[in-house]
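Written below as structure tokens is the structure these notes are about.
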Amino acid sequence: MTYFYGLMTALWLCCVSFSANGQESSNLQWHGYFSQGITQSIDSDFITSDNQISAELTEIGLNGLYQVASNISIAGQVVYLDGGNRFEQGSRLDYLFIDWTVDDIAGWQAQIHLGRYKNSHWLYSVTRDVPQTRDTAVLPQSVYFDGFRDVALGSNGIQTRFSKYTDNHVWEVNWSYGRSTINEEQRDYLLGSLALGKIKQDFVHQFSVFWQPASMNWKLGASWLDSDFEYIPLEQDNRFAGMSNIRRFMISMQYFSENWELSSELLREIQDFNGVFTPDYYDKRTGEGGFVQLRYLFSPRFSGLVSYDSYTNDVDDPNGVQLELESGGTVPSYFGYMDTTAVGLRWDIAPKWRLQAEHHWVDGATRAVSLLDPDIADHTEETWRMWSIQLMYWF
């Protein structure tokens, strides 16, 4: 897969360079964006530490699509991100894949993506990497938690998308199978900073189906995810070899009106853990959560948003009481859940320029930092806040 990526990247960059020199420019489409803001998390280290106001809200991206043939193209995006403590700072390849389109398979239009494809199974999974398409800088963490941003955004493998349009409705069916690389930051989020070895995602298998009426003002969907992870310890390590499995079931809904948009997603996650902490360790728990979000358009250039997001780490321990007891008081009970209320404002200052602001009030901290951090109690209070103001430009 590394060799495949190297070849794909070289080919894509050659296409961009070739077109930039004034040749075959009609075959290339490319766009970019720049976003800069200020942000703060208060009484939590989720975004910033020590209640600092920070400019660590930077997103720079360049994406392109090169048409190789009438039904074959190459799409890719490189980005630079600085999101404070939410994810690793630096550049990355968000996606790079071959897109093969088949116009008619028994009345369905099909797309096959081969390479590092984008996750198309959730409402905002395809657009979460582009700031001007997000309703807020920090998406609802029950579904789109930032500690796993790079793994959830896309995978290395194959994805198929089937669409069918009739006079009465639109169907979309998606299937994908692949894996992602887990870096040290994501390893520490999952297993704590005491882990020294490597986490490997063996696979992630996803399926989703969406339905819309001909009016396109409704969108209803359901998705399923199954993924296995393996921990490979170093010779001298604080963790043991182990496996984990995550299964996620989710329903999604959007409604569009002339002046407002309502969206919601509800999820249920079943997590199995074997080994890692002790050779014979086993734990199984079920998490639940979701969000509901309303955006109202006051004018063509000004809109407001209100949302509520909730996640419970273990439905058998919704208040985190057992979590605190089992940890000997190291992990406070409020790390067993997280409820967030948010408001936001958006102003389109000029074409391709936008100013966006938001404020979140949070009760609980299960998505804020790793539950296995040895200093977890020092990182987040039971109730905390975060806010940001972000200026965006795209072309």
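General remarks:
- Assuming charge only on the beta carbon of Lys and Arg (+1) and of Asp and Glu (-1), the dipole of the chain about its Cα centre is about 1500 debye to the nearest 20.
- Accessible area per residue, Å², the chain with all protein chains present, probe 1.4 Å: 47 Å²
- A dipole drawn for the stretch 59-159 from +1 and -1 charges on Cβ atoms has a positive end, and of Phe148, Ile60, Val130 the residue lying farthest that way is Phe148.
- Accessible surface of the stretch 108-259, 1.4 Å probe: 58 percent of it comes from carbon and sulfur atoms.
- Considering the stretch 104-155, its Cα convex hull presents a mean projected area of 4.8 nm².
- In the stretch 280-364, the chymotrypsin sites (Phe, Trp or Tyr not before Pro) that fall in loop regions by DSSP, at most 16 other Cβ within 10 Å: Tyr281
- Kirkwood analysis of the stretch 288-395, using all unique Cα-Cα pairs, places the hydrodynamic radius at 15.7 Å.
- Sites Val306 and Ser49 - FRET efficiency at Förster radius 22 Å, r taken between beta-carbons, to 0.05: 0.20
- Stokes-Einstein diffusion of the stretch 152-193 at 20 °C, 1.002 mPa s viscosity, Kirkwood radius from Cα pairs, rounded to a whole number: 162 µm²/s.
- Scalar couplings 3J(HN,Hα) for the stretch 280-287, obtained by applying the Karplus form with A = 6.51, B = -1.76, C = 1.60 to θ = phi - 60°, are 10, 5, 8, 8, 9, 9, 10, x Hz; x denotes Gly and Pro.
- Evaluating 6.51 cos²θ - 1.76 cosθ + 1.60 at θ = phi - 60° for every residue in the stretch 60-71, the Karplus couplings come out as 10, x, 9, 10, x, 9, 10, 7, 6, 9, 4, 10 Hz, glycine and proline recorded as x.
- Orientation-averaged projected area, Cα convex hull of the chain (nm²): 20.6 nm²
- Helical runs assigned H by DSSP (4 residues or longer) give the chain a calculated mean residue ellipticity at 222 nm of -3000 deg cm²/dmol, each run adding -39500 (n - 2.57) before division by the residue total.
- Across Gln29, Gln141, Gln132, mean-square fluctuation computed from a Gaussian network of the chain (C-alpha pairs under 10 Å connected) peaks at Gln29.
- Normalising the average separation of contacting C-alpha pairs (under 8 angstrom, six or more residues apart) by the number of residues puts the relative contact order of the stretch 149-268 at 20 percent.
- Solvent-accessible area, 1.4 Å probe, carbon plus sulfur percent, for the stretch 280-395: 57 percent
- Here the contact order of the stretch 60-104, divided by its residue count and restricted to Cα pairs under 8 Å and six or more residues apart, works out to 36 percent.
- Looking at the stretch 253-302, the GluC sites (Glu not before Pro) that sit in a DSSP loop and have at most 13 other Cβ atoms within 10 Å of their own Cβ are Glu258.
- Calculated FRET value between Lys164 and Leu297, using beta carbons and R₀ = 30 Å, to 0.05: 0.50
- Taking a straight Cα-Cα cut-off under 21 Å and skipping sequence neighbours fewer than 8 places away in the same chain, the lysines within cross-link reach of Lys284 are Lys200.
- Cleavage-rule hits, GluC sites (Glu not before Pro), the stretch 175-244, DSSP coil, Cβ neighbours within 10 Å at most 15: Glu235
- Here the relative contact order of the chain, from alpha carbon pairs under 8 Å that lie six or more residues apart, stands at 13 percent.
- Interchain or long-range residues, amide H under 5 Å from Phe277's placed H: Phe240
- Cross-link reach list, lysines versus Lys352, counting only Cα pairs under 28 Å and skipping chain neighbours closer than eight places: Lys118, Lys219
- Using θ = phi - 60° and Karplus 6.51 cos²θ - 1.76 cosθ + 1.60, couplings along the stretch 250-259 (whole Hz; Gly, Pro as x): 9, 10, 10, 8, 9, 10, 10, 10, 4, 10
- Signed unit charges on C-beta, dipole axis of the stretch 195-287, positive-most listed residue Ala241, Asn274, Gln254: Gln254
- In this structure Ile53 has an accessible area near 110 Å², from a 1.4 Å probe over the protein heavy atoms.
The values are calculated or read from the model by the stated rules, or taken from the named source; none is laboratory data. Every value quoted in this text rests on a predicted model; they were computed, and no experiment measured them. Don't worry about glycine lacking a Cβ; one is built from the backbone with ideal geometry, like all the others, and counts go over all protein chains shown. Heads up: the accessible areas ignore ligands, DNA and RNA and are worked out on the full protein's heavy atoms, side chains in. Shrake-Rupley method; radii C 1.70, N 1.55, O 1.52, S 1.80 Å.
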